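Peer 1: Let me give you the structure first, and then I'll get to my questions.
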Amino acid sequence: MLAVVAAVLLLLLPPVMPFEASDCDGTNYASNSTFQANLKLVASALPGNASSLPTGFAIADAGTSPDRAYAMALCRGDVNASTCDACVAAAFLAAGAQENCPNNTGATMYEDACVLRFSSVQFMDFLKADQWQPGELTFQTIPAPGKVTTVPGAWFSAAATAILTAVVDHAVAAAGNSTARKYFATGEINFEPRIYALAQCIPDMALSQCQTCLGTLVHQTMGFVNSTKPRWVMSFMAWCNLRYSVLPFYEGGSMLRLQAPPPPPAVVPPSATPQSGGAGKKRSPAGLSAGIASSIVFILVLGVFAFIIRFKRRTNKATDTEHPLKKIAGAQCTIFDLPTLQEATENFSEKNKLGEGGFGIVYKGILPDGQEIAVKKLLERSGHGLQELHNEVLLLAELQHKNLVRLQGFCSHRDDTLLVYEYIENGSLDNFLFDSREKSTLSWEQQYNIILGIAKGILYLHEDSSMRIIHRDLKPNNILLADDMDPKIADFGLARLLGEGHTHTKTARAAGTLGYMAPEAVLGRVSPKIDIYSFGVLVLEIVTRRRNSSSGDRDTVNLLSDVWNCWIKGTISEMIDQSLEGYARSQALRCIHIGLMCVQPDPDDRPNILSVIFMLTRDNMEIQAPAQPAFFFRSESALASLSSCDQPDFILGENASVNGVTVTELYPR
């Protein structure tokens, strides 16, 4: 009955109202004017800029005064890069629509997933310490048309006030947390109906400015919360926003979870107040008997329930003691016992060994039902507690994508931890690229699809999964090929699972494999851009079918140096398959260009993975010229050993320069 009542109440609640509004504060500009041209430049750059940054916030400007266009965009802290990009682009289109701010030099657009503001004046100056005037803040508050009438207003107001205050405090506190998105928080309170809330400021604000901004919105929101028939509202301005709803409106789980406040004392209706004397004191014997009997039955029922609950708790406690792993088993993550995996792999027989990497040894296994599996026996424990380790594995098991190897389950036995994956018949990309027996079996179409599939898998790990995963060890051995030659990334999340200290090179700071590690990764600095670097090396290896040598070996030319030498000489086509013609040839050259962009020394110069996918799939998208890649070696022995591109007819003098921009052989862009 409780479930039915809850469902009925949910149907009676107002639907989540889209977070859409606009505010026009400029003057009209003429069609085809200089300002409009500058605004188009800003509109083309800002969506990609905002979506590529971890904060989801970007500013841009174009042109010169008085026709200069300024803009800023802030995406909701929980949305991924693709949603952010689409929202900002849609906000620009909506601003020019007839019903919003057509031909206006100033507009603020409040979309569901982002806020956009553009103007002909430099509005960001308002945040300077000498110009910040909280009294001049302008805001909008939009109440939902429906009212929350299922609970007493005072009780709902107490719950809504509690969660709004909590998310504001948490958003402000996140300013000092390097792992959290600055000035952003979500939360929910266990109330009937459950209340969801969100608070966010633009990251360029000072701490006191964010506090003032959100404090202003809280004050305005209280007028709706404290009414006798409360509504859920959206309160916002260009610099910050605050909203709450009786239905979820943000992605992922809540950052905060609160318990509902106690209900206010019940008000006894006057009609129910006992009267002194007269008929109010009269009770019939039958009524008294019925009341006593009902009370006895009620007490007996409570006693039975109490006994059942107590017995169940004891049983569960005993079960948990005997089988500590059973309580965390889920539909997507099977917990295996060690004898089952020993039998499946013939006690981890050497003949069943598929490979060995920085995290462990992989064996092929066959379960009793005939299912083939791959079992990775981790080399060492990371110092994680048992429960923390299980929680991490369960999180990894939730990551489902066609370009990721599926984690089916795990086994934890004393000091051994084993991960069970789906078995991929074709093995690793390493065999198809560098094994002379398999080298000619991949067509260019398959090579290109492998590159694109790896990029899509990285996008899921970086942006679209429930938690951001940085792989930290992308290389051909960790790319498996399914029956249709679709790539599947393996070993994702193991750096997270095993902690910072467990690495391929057995050092306490670096994590990865030499030749695929970005310069900053060698120093232990971790960001999504280290995966971009490894991806760039992979792309160059796939296109050239050459292995990148160790970046520490300065006596030979590594692949990056060889590619760059050919690039600046204009003979880069010598490094691709000479049988490729037409579109396939131009596509291969474009992939080399993208690969060089991904291996730039400075992480800020490398594109994010979403931009990489755009460059791979949009031939008309222009790519800037790359600079010299990281780990480029120009020793005398290196120059003498060049073999993949034509030998130069002259020796460069010390003061000679090389055009690092021009590519002799152009390909369609």
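The values are calculated or read from the model by the stated rules, or taken from the named source; none is laboratory data. Just so we're clear, the structure is a prediction, and the values are computed from it rather than from any experiment. With ideal geometry, Cβ positions are generated from the backbone for all residues, glycine too; neighbour counts draw on all protein chains shown.
Peer 1: Restricting the first residue to the stretch 359-386 and requiring it to be surrounded by 13 or more Cβ atoms within 10 Å (Cβ to Cβ) and basic (Lys, Arg), which pairs with a second residue that is modelled with pLDDT of 85 or more and part of a strand (DSSP E or B) meet a Cβ separation below 6 Å and a spacing of at least six or different chains?
Peer 2: Hits for this filter: Lys364/Leu354; Lys376/Val362; Lys376/Leu419; Lys377/Ile361; Lys377/Leu418.
Okay, residues lined up against (1) touching a strand residue (DSSP E or B) at 6+ places or on another chain (Cβ under 6 Å); (2) of a type in the set (Lys, Arg); (3) at pLDDT 80 or above:
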site: Ile450; (1), (2), (3): yes, no, yes
site: Ile479; (1), (2), (3): yes, no, yes
site: Ala511; (1), (2), (3): no, no, no
site: Arg525; (1), (2), (3): no, yes, no
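Peer 1: Next question, about the same structure. When both residues are 6+ apart or on different chains and their Cβ atoms are under 7 Å apart, which pairs have a first residue that lies in the stretch 184-199 and is acidic (Asp, Glu), and a second that is surrounded by fewer than 20 Cβ atoms within 10 Å (Cβ to Cβ) and not in a loop (DSSP other than H, G, I, E, B)?
Peer 2: Filtered contacts from the stretch 184-199: Glu188/Arg257.
Peer 1: Is at least one residue of the stretch 16-27 modelled with pLDDT of 85 or more and outside any loop (DSSP other than H, G, I, E, B)?
Peer 2: no
Peer 1: Just to check your reading of the model, which residue among Ile592, Ile568, Ile532 is part of a helix (DSSP H, G or I), assigned by TED's automatic domain parsing to the domain that holds Ile470 and closer than 24 Å to Ala490 by Cβ?
Peer 2: Being part of a helix (DSSP H, G or I), assigned by TED's automatic domain parsing to the domain that holds Ile470 and closer than 24 Å to Ala490 by Cβ holds for just one of Ile592, Ile568, Ile532, which is Ile532.
Peer 1: Restricting to the stretch 69-88, what's the tally of residues that are assigned to a helix (DSSP H, G or I) and within 21 Å of Gln122 (Cα to Cα)?
Peer 2: Filtering the stretch 69-88 down to residues assigned to a helix (DSSP H, G or I) leaves 81-88.
With the extra rule that they be within 21 Å of Gln122 (Cα to Cα), the set shrinks to 88.
Counting residues in the stretch 69-88 that are assigned to a helix (DSSP H, G or I) and within 21 Å of Gln122 (Cα to Cα) gives 1.
Peer 1: Further question: Where the second residue is aromatic (Phe, Trp, Tyr) and at pLDDT below 85 and the first is in the same structural domain as Glu188 (by TED's automatic domain parsing) and in a loop (DSSP other than H, G, I, E, B) and lies in the stretch 233-253, which pairs have Cβ atoms under 6 Å and are six or more apart or on separate chains?
Peer 2: Correct list of pairs: Met237/Phe139; Val246/Trp232.
Peer 1: So is Gly660 surrounded by 12 or more Cβ atoms within 10 Å (Cβ to Cβ) and modelled with pLDDT of 90 or more or not? Spell out the reasoning first.
Peer 2: On the way: surrounded by 12 or more Cβ atoms within 10 Å (Cβ to Cβ): yes; modelled with pLDDT of 90 or more: no.
Against the criterion (surrounded by 12 or more Cβ atoms within 10 Å (Cβ to Cβ) and modelled with pLDDT of 90 or more), Gly660 does not qualify.
Peer 1: If you don't mind, another one. Scan the stretch 403-421 residue by residue and report those that are over 20 Å from Lys475 (Cβ atoms) and modelled with pLDDT of 90 or more.
Peer 2: Residue satisfying the conditions is Val420 alone.
Peer 1: If we scan the stretch 210-223, do we find a residue that is farther than 15 Å from Phe57 by Cβ, modelled with pLDDT under 80 and in a loop (DSSP other than H, G, I, E, B)?
Peer 2: There is no residue in the stretch 210-223 that is farther than 15 Å from Phe57 by Cβ, modelled with pLDDT under 80 and in a loop (DSSP other than H, G, I, E, B).
Peer 1: Additional query: Just the residues that are without any contact (Cβ under 8 Å) to a residue 24 or more places away in the chain and crowded, with 24+ Cβ neighbours inside 10 Å, please, taken from the stretch 82-125.
Peer 2: Filtering the stretch 82-125 for residues without any contact (Cβ under 8 Å) to a residue 24 or more places away in the chain gives 90, 93, 96-99, 102, 125.
The answer is none; no residue qualifies.
Peer 1: Determine which single condition Ile623 fails, assuming it passes every other condition in (1) out of contact with any helix residue (DSSP H, G or I) (no Cβ under 6 Å at 6 or more places or on another chain); (2) assigned to a loop (DSSP other than H, G, I, E, B); (3) at pLDDT 50 or above.
Peer 2: Here Ile623 clears every test but (1).
Peer 1: May I pose another question? Looking only at residues in the stretch 455-477 that are of a type in the set (Val, Ile, Thr) and at pLDDT below 90, which one is surrounded by the most Cβ atoms within 10 Å (Cβ to Cβ)? Step through it out loud before you land on a result.
Peer 2: Within the stretch 455-477, the subset of a type in the set (Val, Ile, Thr) is 458, 469-470.
Imposing the further condition that a residue be at pLDDT below 90 reduces the set to 469-470.
Numbers: Ile469: 24, Ile470: 21.
The residue in question is Ile469.
Peer 1: Any idea how many residues of the stretch 27-43 are in contact (Cβ under 8 Å) with a residue 40 or more places away in the chain and either in contact with a Lys or Arg (Cβ under 6 Å, 6 or more places away or on another chain) or among the hydrophobic types (A, V, I, L, M, F, W, C) (or both)?
Peer 2: Total satisfying the criteria: 5.
Peer 1: What number of residues within the stretch 406-424 satisfy the criterion of being out of contact with any strand residue (DSSP E or B) (no Cβ under 8 Å at 6 or more places or on another chain) and not in a strand (DSSP E or B)?
Peer 2: 2
Peer 1: State which residue is farthest from Asp112 (Cα to Cα) when the search covers only the stretch 229-281 and only residues that are among the small types (Gly, Ala, Ser) and modelled with pLDDT of 65 or more. So that I can check it myself, show each step before the final result.
Peer 2: Keep residues of the stretch 229-281 that are among the small types (Gly, Ala, Ser), which gives 235, 238, 245, 252-254, 260, 266, 271-272, 276-280.
With modelled with pLDDT of 65 or more added as a condition, the list becomes 235, 238, 245, 252-254, 260.
Working: Ser235: 13, Ala238: 14, Ser245: 13, Gly252: 15, Gly253: 18, Ser254: 17, Ala260: 27 Å.
For the stretch 229-281, the residue satisfying everything is Ala260.
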